[in-house]
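The values are calculated or read from the model by the stated rules, or taken from the named source; none is laboratory data. Predicted, not measured: the structure shown is a model, and the values here were computed from it. Using ideal geometry, Cβ is built from the backbone for each residue, glycine included, and neighbour counts are taken over all protein chains shown.
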């Protein structure tokens with residue numbers, strides 16, 4: 001077998017092995033791309049909430065169109081249909097039936113649940129005060145609703161329980177179901193069985209809602225109505241579809257454009273095919289390495305392939321164009337070291353990302369690094385064998401000679417460019433505090449329209465945002481509940497002083513066994529209760545004989561079995577408890593969401609108020625932004641480290657400060673001008689623009705190195721110059737395609753590196769060392 | 001003598017249409033001229049369960065046509081505010097607001113007060129049959145719910161007053177309990 005055949009066979013085998021690995025890889029497009037790989041305890045809570053938490057399982061469903069009666073009918077019908085589906089844990093639409101079970105539970109167990117129940121309350125004086133309050137309450141229209149309960153609940157325990165629940169505003173109702181604030185939509189709140197991180201499960205649930213709505217609309221004949229769905233699950237599903245769609249679209253655009261350029265240059269399908277071998281190898285190797293290293297490949301990583309294609313194709317362009325005139329041996333000796341150095345600077349740039357705690361970034365780094373390295377190795381060692389000596393292509397020297405003419409005039413632009421770069425530096429320095437977007441949401445692929453709809457629907461339902469959380473952890477459920485009760489007692493003081501508007505706690509509906517026992521023990525025996533009641537009622541306008549139901553209920557409460565989680569089954573309170581009381585590998589955690597008062601919650605003040613409590617305070621939004629800022633700081637350090645590595649590599653290879661300076665100057669100026677330009681164009685700069693800055697240097701070093709080589713050796717020949725232009729064009733196409741993306745991560749890199757690469761070539765030409773202009 | 005008697009009778013007969021002219025329409029016109037004001041109130045709720053009525057006192061402020069504030073001072077402070085269709089209740093740090101446009105029954109109940117205060121006959125007749133007795137100086141307007149949903153809550157509302165001032169509102173609830181709200185204008189406009 002010929003050497004070309006053997007090499008091809010080896011290459012094919014490697015590709016097949018790679019394809020097999022890719023075939024078995026797991027691809028994901030969920031938010032774990034953004035979640036920290038080494039979370040702090042606070043961040044862990046955040047991550048758990050995002051992946052598994054109840055908020056991540058909630059979908060808001062709205063019905064629009066028709067009149068309010070029709071929407072209400074549809075809302076009821078849809079609820080019944082969804083309740084029959086296994087995909088949903090709960091479906092609420094404000095129907096009275098849904099809340100009756102809750103009221104029954106609260107009323108039946110009021111003497112075990114009410115924080116008002118204590119020995120003092122059941123003394124004569126305590127009874128007198130509590131019953132007196134209940135009677136006073138009858139003066140108010142709000143209290144009149146409790147009038148019929150007075151004989152059974154004269155101490156107002158149910159009122160006590162319900163007023164705890166009224167922390168947040170209730171959704172509006174019309175025709176017996178929830179409606180939006182303005183009344184133009186019927187609202188439902190659906191909790192999926194699938195966790196928020198289970199995008200397939202979320203997609204199935206959302207499809208089930210859509211199907212059931214369509215069926216319901218069909219059955220009721222209300223065709224003028226439409227369905228709106230929103231929530232984290234929908235965001236995940238939409239983002240995945242978006243990324244999937246973009247990966248295909250961007251790769252296609254990038255490939256077609258680059259193939260077009262190569263066909264124009266090579267005028268040969270054979271050379272085109274050969275030239276694409278390193279690219280295909282690199283793209284495949286990137287996915288294989290990421291899959292083997294991480295187990296899961298992010299969709300965004302694959303989307304980065306569009307840029308990789310543009311970068312990896314450069315090596316074969318250099319090879320074909322430069323070896324065409326000079327032969328293989330001369331290419332290896334004269335040009336390969338420069339190409340190799342360019343590859344190594346790219347590796348330094350991408351390699352710096354490997355150390356990021358931001359998993360998405362680390363994966364992008366590993367993917368690009370392995371892709372570029374593979375493409376270069378295939379170009380150097382496999383391509384020459386497979387291509388054979390027949391690599392003669394169209395002579396690019398005429399193009400090169402034209403370029404040389406242009407090049408001759410370029411150094412005249414040095415001072416204007418330096419002036420421009422200086423202006424860019426001044427702009428960046430003077431506005432350095434407003435350059436970077438401080439929020440992780442800048443990376444969020446969810447569209448503005450979707451976010452706005454989500455906000456509107458949540459406002460309609462008056463659902464409180466999960467902004468602040470206290471987390472108490474313990475080895476077992478009972479201890480976790482006891483600690484939650486202790487913390488709740490401290491929070492009560494903050495609510496009383498107005499620092500907090502309200503809070504929630506699982507112990508509210510499921511008190512610890514200890515608290516239940518204490519409450520039960522404070523209920524007096526029948527004869528004793530009658531005696532105290534007699535005393536208490538002496539100066540109240542309520543006759544003793546009317547309180548028969550009260551005596552019976554207290555006697556009954558003394559016999560009631562202790563409440564446990566099963567007792568709550570069938571009520572929506574069970575969901576609340578499940579949401580707030582979490583079982584995990586190391587034990588139990590109770591979550592206490594806090595609603596701030598007039599002022600936002602100050603972490604320091606709250607911790608002081610909680611004293612020795614071990615409760616962990618988490619400001620979700622703050623934690624997100626802290627997470628992002630950590631990423632940003634880390635990315636700055638990594639970019640700097642990557643840059644230093646590139647400088648060191650170039651310094652060691654070039655062994656001349658002057659040459660090093662000449663190579664770096666155009667690259668640094670290109671970065672300055674691009675970033676200032678983006679800022680002036682109103683682009684919100686974030687972490688990925690920063691990474692883009694590093695990549696400009698890493699990817700564009702080749703151009704400066706070729707000019708440097710030309711300066712130190714016999715000058716830049718026309719075909720080398722042409723090869724640089726073409727390689728630059730393909731790189732700019734590859735990265736530029738990413739700029740078309742609506743996924744912020746990809747867009748930012750594209751919009752930075754695409755123009756950056758072109759500018760770097762131009763500036764390298766402008767700042768080419770004197771004396772070697774020709 | 002007979003002549004005099006006849007003329008007196010004639011006078012009476014002539015006067016009758018004038019007396020009869022005090023009908024719902026005229027009362028509504030009078031009430032509509034009232035642009036608002038403050039009144040002290042005493043409300044007594046007679047509840048079958050209790051031996052004595054529950055008494056609350058406070059101040060009511062009305063600003064035509066759709067703002068009403070009932071500020072209870074005893075036994076427990078409470079503020080009930082009605083601004084157009086938004087009803088809010090503040091009591092012991094708790095704040096509750098209800099949009100009445102979504103609660104037809106509550107709206108009908110509120111309209112009995114608001115419609116009377118503002119002299120809005122159409123709003124009153126939407127949910128109640130009106131019956132007026134007395135004269136402009138001392139009138140009694142009885143509202144009987146025409147809708148079953150409302151009569152399940154309240155059987156009868158009796159508003160009495162003098163000229164364009166309301167002096168008392170009595171609610172007779174379906175369960176037999178009743179409440180009587182007496183008003184004493186403090187700064188009539």
>> What's the number of the only condition in (1) closer than 26 Å to residue B:49 by Cα; (2) in contact with a helix residue (DSSP H, G or I) (Cβ under 8 Å, 6 or more places away or on another chain); (3) within 14 Å of another protein chain (Cβ to nearest Cβ); (4) surrounded by 15 or more Cβ atoms within 10 Å (Cβ to Cβ) that residue B:180 fails to meet?
In response: (2)
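Given the structure, is residue A:193 within 12 Å of chain B (Cβ to nearest Cβ) and at pLDDT 80 or above? It would help to see each step written out before you state the result.
Working: within 12 Å of chain B (Cβ to nearest Cβ): no; at pLDDT 80 or above: yes.
Here the answer is no, as residue A:193 does not meet what is asked.
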> Does residue A:179 fit the bill of being within 10 Å of chain B (Cβ to nearest Cβ) and in contact with a helix residue (DSSP H, G or I) (Cβ under 8 Å, 6 or more places away or on another chain)?
Replying inline: yes
> For the range A:192-233, what are the residues that are without any contact (Cβ under 8 Å) to a residue 12 or more places away in the chain and touching a helix residue (DSSP H, G or I) at 6+ places or on another chain (Cβ under 7 Å)?
Replying inline: A:223
> Got at least one residue in the range B:109-123 being at pLDDT 85 or above and exposed (fewer than 15 other Cβ atoms within 10 Å of the Cβ)?
Replying inline: yes
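Just to be sure before I move on: is residue A:436 at negative phi, at pLDDT below 90 and touching a strand residue (DSSP E or B) at 6+ places or on another chain (Cβ under 8 Å) in the structure I sent?
On the way: at negative phi: yes; at pLDDT below 90: yes; touching a strand residue (DSSP E or B) at 6+ places or on another chain (Cβ under 8 Å): yes.
Answer is yes for this residue.
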> Pairs under 9 Å by beta carbon, first residue surrounded by fewer than 14 Cβ atoms within 10 Å (Cβ to Cβ) in the range A:578-591, partner part of a helix (DSSP H, G or I), six or more apart or different chains?
Replying inline: A:583/A:477; A:584/A:48
>> Checking residue A:520 against (1) under 24 Å from residue A:134 (Cβ atoms); (2) free of Cβ contacts under 8 Å to residues at least 60 places away in the same chain; (3) away from every other protein chain (no Cβ under 14 Å): exactly one of these is not met. Which one?
In response: (2)
> Quick one: what pairs do we get from the range A:261-283, first residue at pLDDT 90 or above, second not in a helix (DSSP H, G or I), C-beta under 6 Å, 6+ apart or different chains?
Replying inline: none
>> Can you tell me how many residues within the range B:42-63 are over 18 Å from the mean Cα position of the chain (by Cα), buried (at least 20 other Cβ atoms within 10 Å of the Cβ) and either more than 11 Å from chain A (Cβ to nearest Cβ) or in contact (Cβ under 8 Å) with a residue 60 or more places away in the chain (or both)?
In response: 1
>> Can you tell me which condition residue B:160 does not meet? The list is (1) touching a residue at least 40 places away in the same chain (Cβ under 8 Å); (2) closer than 21 Å to residue B:30 by Cα; (3) buried (at least 16 other Cβ atoms within 10 Å of the Cβ), and all the others hold.
In response: (1)
>> Quick check on the range A:692-711. Is at least one of its residues without any contact (Cβ under 8 Å) to a residue 60 or more places away in the chain and within 20 Å of residue A:321 (Cα to Cα)?
In response: no
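For the range B:102-122, check the following and say yes or no: at least one residue is part of a helix (DSSP H, G or I) and at the interface with another protein chain (Cβ under 9 Å from one of its Cβ atoms). Step through it out loud before you land on a result.
The first filter runs over the range B:102-122 and keeps only residues part of a helix (DSSP H, G or I), leaving B:102, B:104-118, B:121-122.
Narrowing further to those that are at the interface with another protein chain (Cβ under 9 Å from one of its Cβ atoms): B:102, B:104.
Yes: one or more hits.
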>> Given (1) closer than 30 Å to residue A:79 by Cβ; (2) in a helix (DSSP H, G or I), identify the lone condition not met by residue A:229.
In response: (2)
> Only one residue in A:644, A:668, A:674 is in contact (Cβ under 8 Å) with a residue 40 or more places away in the chain and outside any strand (DSSP E or B), so which one is that?
Replying inline: A:674
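For (1) within 14 Å of chain B (Cβ to nearest Cβ); (2) closer than 30 Å to residue A:241 by Cα; (3) surrounded by fewer than 16 Cβ atoms within 10 Å (Cβ to Cβ), each residue gets a yes or a no:
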{"residue": "A:458", "(1), (2), (3)": "no, yes, no"}
{"residue": "A:462", "(1), (2), (3)": "yes, yes, yes"}
{"residue": "A:483", "(1), (2), (3)": "no, no, no"}
{"residue": "A:491", "(1), (2), (3)": "no, no, no"}
{"residue": "A:495", "(1), (2), (3)": "yes, no, no"}
{"residue": "A:561", "(1), (2), (3)": "no, no, yes"}
> What's the number of the condition residue A:103 fails, among (1) assigned to a helix (DSSP H, G or I); (2) within 13 Å of chain B (Cβ to nearest Cβ)?
Replying inline: (2)
> Of all residues in the range B:79-91, how many are within 12 Å of chain A (Cβ to nearest Cβ) and over 22 Å from residue B:167 (Cα atoms)?
Replying inline: 7
> Which of the residues that make up the range A:596-631 are part of a strand (DSSP E or B) and within 24 Å of the chain's Cα centre (by Cα)?
Replying inline: A:616, A:617, A:618, A:619
